[in-house]
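Trainee: Before we start, here is the structure in question, set down as structure tokens.
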Amino acid sequence: MKRSFLFFALLMFSGVCRAEDGYRLWLRYNKIENAAMLHQYRSNISGIAAHEASATLMIAKKELQSALEHLLDAKIADQQEAGDKTVVLGTPQTSPVINRLLRSVNFNLGKEGYAILTKKNDGKKITMIAANTDIGVLYGTFAFLRLIQTFQSIDELSIVSVPKIQHRVLNHWDNLNRSVERGYAGISIWNWHTLPGYIDQRYIDYARANASIGINGTVLTNVNANSLVLTRPYLEKVKALADVFRPYGIQVYLTAKFNAPVEIGGLKTADPLNAEVKNWWAKKCDDIYELIPDFGGFLIKANSEGQPGPQGYGRTHADGANMFADVLAPHGGMVMWRAFVYDARVQKEEEHFSEGATGHSSDIAAEDRFKQAYDEFKPLDGKFRKNVLVQVKNGPIDFQPREPFSPLLGAMPQTNLALEFQLTQEYLGQGTHLVYEAPLFKECLNADTYIRGEGSTVAKVIDGSLQRSTITAIAGVANIGNDINWTAHPFGQANWYAFGRLAWNHDLSSEEIAEEWLKQTFTNDGQFVAKVKDIMMGSREAAVNYMTPLGLHHIMGTGHHYGPAPWVANAGRADWNPVYYHKADQTGLGFDRTATGSNALAQYAPRVQQQWGNRNTCDEKFILWFHHVPWNFRMKSGKTLWGELCDKYYAGAAAVRWMEQQWDGLRKYVDRQRFEQVRMLLKIQEKEAVWWRNACLLYFQTFSKQPIPGQNEPPRESLDDYKRLRFPLAPGINNVN
Ligand code: BDP
């Protein structure tokens, strides 16, 4: 009796005092335990002066005050006047002090930028968080809190920050029934059933979290769209969300189903050049803007994977996009038209999403899927309206662990291009693998397209500094669900965070972002931060190695994309099959995309072609993307392709073991709940890494006919064992919307 009571008490104690469920994300504001830092902060801050002239300024003030009270464990006074140690928040319109002092900033803060400056005001030291707009003040407030949460000095501040990209948008692939396509963190956070009457606290916390990293737009619904969301009852629900998000600077967008005029409008056609169709959409926009005056616009997936589009009516993507652009323009809205298209001839979603479909793959995809988006969009360069963005995935195929940058990113100088990343880890271990994606984002952002000579990075294409874009945007497919910690894996939060930070400033390094995130999310302890940063920084390369090293791609299980299935050859169309992508045979491995093969390489600038066109000089991390390489080809290491492939797979799985060991040594730095979560997830990741490694090597071995080098632990299961695995209920594939 006594013992069980003790045990219970112990549990309670550890639960109450040590557990953290991750809900607070990187906005924890725990009391600062470091005496020196606490002293510094307290000696710089005693009160706040802010004129709460708008909802946004009220939010900024409240956030700052309550955060500081927690962090500094002190009462932070409300001050009318800027006295000594006051933090002054505001714009030139709301604060005379700021009005006077902001003039010294020789920098255009624009609509969203902010300045955080230490100043003397009437002989008193103040910290000023200033901007031209209220939302700029809110961004500055979060930046100031980030400094404190990461133990930066605030003694002499002189910070000016302006976002490089205008629209920093999350794309939710959330269905109206709350399932989430490729979602691994529970169901959708949008509770359509209880909206608009019930405002879940989650909506507010979601907005806060996004504002804290500068995300200023959200597409609420799946790109595989449901027209219902455009009907009045749903628009009222959307309005309720938009009202919550507005003071946080977040605009709401919806996905528009191309044939909505037929589905919900009673028209016979959705032809974008038909006057009635255009009127229908114009009226729809009027209705939307009446409810939501700052509605952002539409994200549209058309003529792709079963989605209807203009080609169904003999029109082009430009015809389709421009029709929407014209009806949105009077309201100031914009269109994000997706370039994720590939041959639209066979389109049965049941086949796409069913596992291990029977029958043989048809030869439908006569042309390399790699080339199709470029082939369809490049001829349309210059034909899109000013308020259209063509939204391009980072790579030519589909969010693989590693892809070369999409050739479209260097091929449409007269079109606004938006870049789309995937935060949800569809191809990166889904909800269970620790994969920090910032290095993947950076690899793409830093890639040189050579569109205007050397240094024409993707980042510069997207931020408009290279081509005169009328609008700039970047999108991240959200990894957020209703799990208590939002992202299922505690480290999934880092990908959301990194996306926001890079969208604001793509010059930040992955390391800097990891460090910031770790300090705010866990602890400032240097030992912990250094060790976990190493884990994070190596994690993406580890995943590439145990899944798809050397440029392999799309060899995961059909439909659900969970786990390896390089043997699949019977999916509904040729380019849904792993065998289509790896092309393993007796001679070698990889997809010849040079002139002797599909010649997809020709879609890149000559300098890029040079870089990847020759298998002897091609960067080996991309080699199997572009070359069919003989099994005994000598790699730079001196090993054969087969030997190198084995090494990479083994190195990937070994890296996960190393990650586990590192994490195990960090128990004392982390609350029990999150420590255990990560520990258990790393165990799953290790098992899955070994599964990937073994299944892929055993399969490729049937072609290479060579042994796995002896120093490696041999696979315990047989290839058939792996082939027999089925996952009919794997998450993320519910496409009923
Ligand atoms: C793929 C996903 C699919 C999405 C599609 C898209 O497998 O579920 O609908 O991309 O981006 O990655 O439209």
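Trainee: How charged is the neighbourhood of ILE623? Take every other residue with its Cβ under 15 Å from the Cβ of ILE623, and add Lys/Arg as +1 and Asp/Glu as -1. Each step should come with its number before you reach the end.
Mentor: Details: positive: ARG402, LYS583, ARG593, ARG615, LYS621, ARG634, LYS636, LYS639, LYS648; negative: GLU403, ASP592, ASP619, GLU620, GLU644, ASP647.
Net local charge, ILE623 excluded: +3.
Trainee: Something else now. Using Cα-Cα distances under 8 Å and only pairs 6 or more residues apart, what relative contact order does the chain have, in percent? Provide the component values of the computation, followed by the final result.
Mentor: Values: 1467 pairs, mean separation 95.9, N = 737.
The value is 13 percent.
Trainee: What net charge do the residues around ILE213 carry, taking every other residue with its C-beta under 11 Å from that of ILE213, with Lys and Arg at +1 and Asp and Glu at -1? All intermediate terms of the calculation are to be shown ahead of the outcome.
Mentor: On the way: positive: ARG146, ARG168, ARG208, ARG501; negative: GLU516.
Around ILE213, the surrounding residues sum to +3.
Trainee: With r defined as the distance between the Cβ atoms of ASN177 and ALA602 and R0 fixed at 51 Å, what FRET efficiency is calculated, to the nearest 0.05?
Mentor: Values: r = 44 Å, r/R0 = 0.86.
Calculated value: 0.70.
Trainee: Students often forget the sequence filter, so: which aspartates and glutamates lie under 16 Å Cα-Cα from LYS683 once same-chain residues fewer than 8 apart are removed?
Mentor: Straight-distance partners of LYS683: GLU660, ASP664.
Trainee: Summing -39500 (n - 2.57) over the DSSP H runs of n ≥ 4 in the chain and dividing by its residue number, what mean residue ellipticity at 222 nm do you reach, to the nearest 500 deg cm²/dmol?
Mentor: On the way: 23 runs with 280 residues, N = 737.
So the calculated ellipticity at 222 nm is -12000 deg cm²/dmol.
Trainee: Could you state the orientation-averaged shadow area of the convex hull built on the Cα atoms of the stretch 250-292, in nm² to one decimal? Intermediate results must be reported in sequence, preceding the final value.
Mentor: Working: hull surface 13.0 nm².
That works out to 3.2 nm², a quarter of the Cα hull's surface.
Trainee: Further question: Using θ = phi - 60° and the Karplus form 6.51 cos²θ - 1.76 cosθ + 1.60, what ³J(HN,Hα) does each residue of the stretch 134-151 get, whole Hz, x for Gly and Pro?
Mentor: The phi angles translate into 4, 5, x, 5, 5, 4, x, 4, 5, 5, 5, 5, 5, 4, 6, 5, 9, 6 Hz.
Trainee: Going by amide H atoms built from the backbone, whose H comes under 5 Å of the H on MET334, apart from near neighbours?
Mentor: Result for MET334 returns GLY297, PHE298.
Trainee: Note down the net charge around ARG501, summing +1 for each Lys or Arg and -1 for each Asp or Glu among other residues with Cβ under 14 Å from its Cβ. Each step should come with its number before you reach the end.
Mentor: On the way: positive: ARG146, LYS164, ARG168, LYS442, LYS519; negative: GLU437, ASP507, GLU511, GLU512, GLU515, GLU516.
Local net charge: -1.
Trainee: Which order do peptides 301-309, 235-243 fall in by mean Cβ count within 10 Å, highest first? All intermediate terms of the calculation are to be shown ahead of the outcome.
Mentor: Working: 301-309: 22.3, 235-243: 20.0.
Ranked from most to least packed, the peptides come out as 301-309, 235-243.
Trainee: How are the alpha carbon pair distances in the chain distributed across 10 Å bins from zero to the largest one, expressed in percent?
Mentor: In whole percents, the pair-distance histogram is 3, 14, 23, 26, 19, 11, 4, 1, 0.
Trainee: Among 485-492, 179-186, what's the highest-first ranking by average C-beta atoms within 10 angstrom per residue?
Mentor: Details: 485-492: 25.6, 179-186: 23.4.
Those peptides, ordered most packed to least, come out 485-492, 179-186.
Trainee: In what sequence, highest mean first, do 616-622, 334-340, 431-437, 367-373 appear when ranked by Cβ atoms within 10 angstrom?
Mentor: Listed from highest to lowest mean packing, they are 334-340, 431-437, 367-373, 616-622.
Trainee: For a quick check: with amide H placed at 1.01 Å from N, whose amide H comes under 5 Å from PHE421's, ignoring anything fewer than 5 positions away on the same chain?
Mentor: Amide H neighbours of PHE421: ALA475, GLY476, VAL477.
Trainee: Also, quick follow-up: Report ³J(HN,Hα) in whole Hz for each residue of the stretch 674-686, in order, from the Karplus equation J = 6.51 cos²θ - 1.76 cosθ + 1.60 where θ = phi - 60°; Gly and Pro get x.
Mentor: Calculated HN-Hα couplings, in order: 6, 4, 5, 4, 5, 4, 5, 5, 5, 5, 4, 4, 4 Hz.
Trainee: Apply the a/c threshold of 1.5 to the C-alpha gyration tensor of the stretch 549-723 and tell me whether it is rounded, prolate or oblate.
Mentor: On the way: a/c = 1.77, a/b = 1.64, b/c = 1.08.
It is prolate, given that a/c is not under 1.5 and a/b is the larger ratio.
Trainee: Antiparallel versus total DSSP beta bridges in the chain: what percent is that, nearest 5? Don't skip to the end; give the middle numbers.
Mentor: Details: 18 of 62 bridges.
Taking every DSSP beta bridge with both residues in the chain, the antiparallel ones total about 30 percent.
Here, each number is a calculation from the coordinates, and none is a lab measurement. On a predicted model such as this, the values are computed, not experimentally measured, just so you know. Backbone-built Cβ (ideal geometry, glycine too); neighbour counts: all protein chains shown.
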